[in-house]
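Since the structure comes first, as structure tokens, the remarks are kept for the end.
The values are calculated or read from the model by the stated rules, or taken from the named source; none is laboratory data. Everything quoted here is computed from the prediction, not taken from an experiment. Glycine gets a Cβ as well: all are built from the backbone with ideal geometry, and neighbour counts include every protein chain shown. Only protein heavy atoms, including side chains, enter the accessible area calculation; ligands, DNA and RNA are left aside. Shrake-Rupley method; radii C 1.70, N 1.55, O 1.52, S 1.80 Å.
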Amino acid sequence: MDVNGKRVVVLGLGISGMEAAKLLQDKGAEVTVRDDAADSARVLERALALRQRGIEVELGEQIKSGARFDFGVLSPGINPSVPLVQTLCQAGLPMFGELEMAYRFCECPIVAITGTNGKTTTTEIVHAVLAKAGKRTMASGNIGTAFSAAVRDSANLDVMVLEVSSFQLEHIVDFRPRISVHLNLTPDHLDRYGSMEEYELAKWQIFRNQTADDYAVVNAALNLPNLLAHKITISAAGLAADYQLIDGWLVAHGEQVLEQKQTILIGQHNAENMLAALAVADLYNVSRDVAIEALCSYKPLPHRCEKVAEVNGVTFLNDSKATNIDALEKALVAMHTPVVLIAGGKDKGLDFTTLRPLLREKAKAVVLIGQMAEKLFATWNSAVPCTVASTLANAVDQAQQLAQPGDMVLFSPGCSSYDMFKSFEDRGDQFRELVKAKAHQP
């Protein structure tokens, strides 16, 4: 992609937008960044850093009118329907997503991983397995390191392992992974998409440009469109598949590979994450011994059913990454002791009534927080005793009082964090600190 001398506007000053602007400038483009948030300390800090590089930044009321650009780059966190974007699109300005733009500078094959849940864990596992096998690889995308930053090193890599969200896939044109991985699809982001069908179509974009020379590793439960790529199926739910969970074993094409209990990843969902990683490992001819060693040594990232502490015989788990119904459901299914659940957060338009039978089975009580607290109380209280807490600290106190030795306090919100916290990481960090303070009390 030749951008030398091109006038480019980058919309959104998140991590992806910032790195896209820097990459474009380094490739010779004249870059302007626009973000309608002018009161965020983080945005102001990034704006200062870009201005010091000679990149023009327009924030809030500083945004100028007119489309004096050759094309635009849309950060994944910016909704395409907002005026910041629509004004330029209506003026006829070509618009690329950050994923598409960065792809055009990528010089190595890509393994792209999507799905409603499990993307980050699977990206980390795939990266760990390939690295253990001696492959020169990097994990990037929706996982922390922006793709626009990672592509700078792509000429020196054997493979880029890329976590991609539906937001990133919305504006692709040529983006084509050698291997696509689609883990699952459940209701999420319905505050952005008008229907599940729209959300589904965004996810299907990962297959859009694949050919018969490529591979698609997919959950056997998915109702997929016709694929040109060679399809490889996974299932931990008893469905016929190339890679399955059978009697607690990860099985590849009928061969027992690894008993799940030998790893520290629990639950059916994590079995499917590992099965996907095994499928990718096989495509890269990674030996079974190396793959098994990598899976057994892998430690999950924070905020994913992370054991924080045991306080007076009660175990506290931080599952703040659970930002939708499916993630909460999978966390509950993985529990085998009585649970006091802490849930709630920002309302994303999801229907939580389907969890009532599982809550009756797994939870002895629920403590609710955030914007969704009252709605969840009305939905769940007839199935399991619920209370409402005004703060996270109050919720932890209530949960501790409700729990008995041998119980599990599970912080698995099932909602996004932006009503009370900066991010799910911030939410999980605060929960961890509250629990650790209790653990150190005399």
Qualifying residue in the range 111-118 (condition: on the phi < 0 side of the Ramachandran plot, modelled with pLDDT under 95 and not hydroxyl-bearing (S, T, Y)): yes
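A quick yes/no check of all residues on (1) more than 18 Å from R152 (Cβ to Cβ); (2) more than 23 Å from the chain's Cα centre (by Cα):
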site	(1), (2)
L13	yes, no
E19	no, no
L24	no, yes
V33	yes, yes
A38	yes, yes
V43	yes, no
L48	yes, yes
Q52	yes, yes
I55	no, yes
Candidates E425, E433, E374, filtered to the one that is acidic (D, E), over 28 Å from N312 (Cβ atoms) and not in a loop (DSSP other than H, G, I, E, B): E374
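So that you can scan it fast, the table gives a plain yes or no per residue for (1) among the aromatic types (F, W, Y); (2) under 25 Å from N142 (Cα atoms); (3) open to solvent by 10 Å² or more (accessible area, probe 1.4 Å); (4) touching a residue at least 60 places away in the same chain (Cβ under 8 Å):
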| site | (1), (2), (3), (4) |
| --- | --- |
| T337 | no, no, yes, yes |
| G344 | no, yes, no, yes |
| G349 | no, yes, yes, yes |
| R360 | no, no, yes, no |
| F377 | yes, no, yes, no |
| S390 | no, no, yes, no |
| G428 | no, yes, no, yes |
| F431 | yes, yes, no, yes |
| K436 | no, no, yes, yes |
Tally of residues being under 22 Å from R356 (Cα atoms), open to solvent by less than 50 Å² (accessible area, probe 1.4 Å) and not hydroxyl-bearing (S, T, Y) across the range 397-422: 11
Scope the range 57-90; condition open to solvent by 30 Å² or more (accessible area, probe 1.4 Å) and closer than 22 Å to M1 by Cα; matching residues: A67, R68, D70, C89
Total residues in the range 218-267, condition touching a residue at least 40 places away in the same chain (Cβ under 8 Å), out of contact with any Phe, Trp or Tyr (no Cβ under 9 Å at 6 or more places or on another chain) and more than 14 Å from G115 (Cβ to Cβ): 2
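Evaluate the following for T323: is it within 19 Å of the chain's Cα centre (by Cα), open to solvent by 20 Å² or more (accessible area, probe 1.4 Å) and at pLDDT 90 or above? Don't jump to the end; show me each part of the working.
On the way: within 19 Å of the chain's Cα centre (by Cα): yes; open to solvent by 20 Å² or more (accessible area, probe 1.4 Å): yes; at pLDDT 90 or above: yes.
Considered against the rule, which asks whether it is within 19 Å of the chain's Cα centre (by Cα), open to solvent by 20 Å² or more (accessible area, probe 1.4 Å) and at pLDDT 90 or above, T323 comes out as yes.
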Among (1) among the polar types (S, T, N, Q); (2) open to solvent by 30 Å² or more (accessible area, probe 1.4 Å); (3) modelled with pLDDT of 95 or more, the one test that T32 misses: (2)
All positions within the range 157-182 that are surrounded by fewer than 22 Cβ atoms within 10 Å (Cβ to Cβ) and either among the hydroxyl-bearing types (S, T, Y) or without any contact (Cβ under 8 Å) to a residue 24 or more places away in the chain (or both): S165
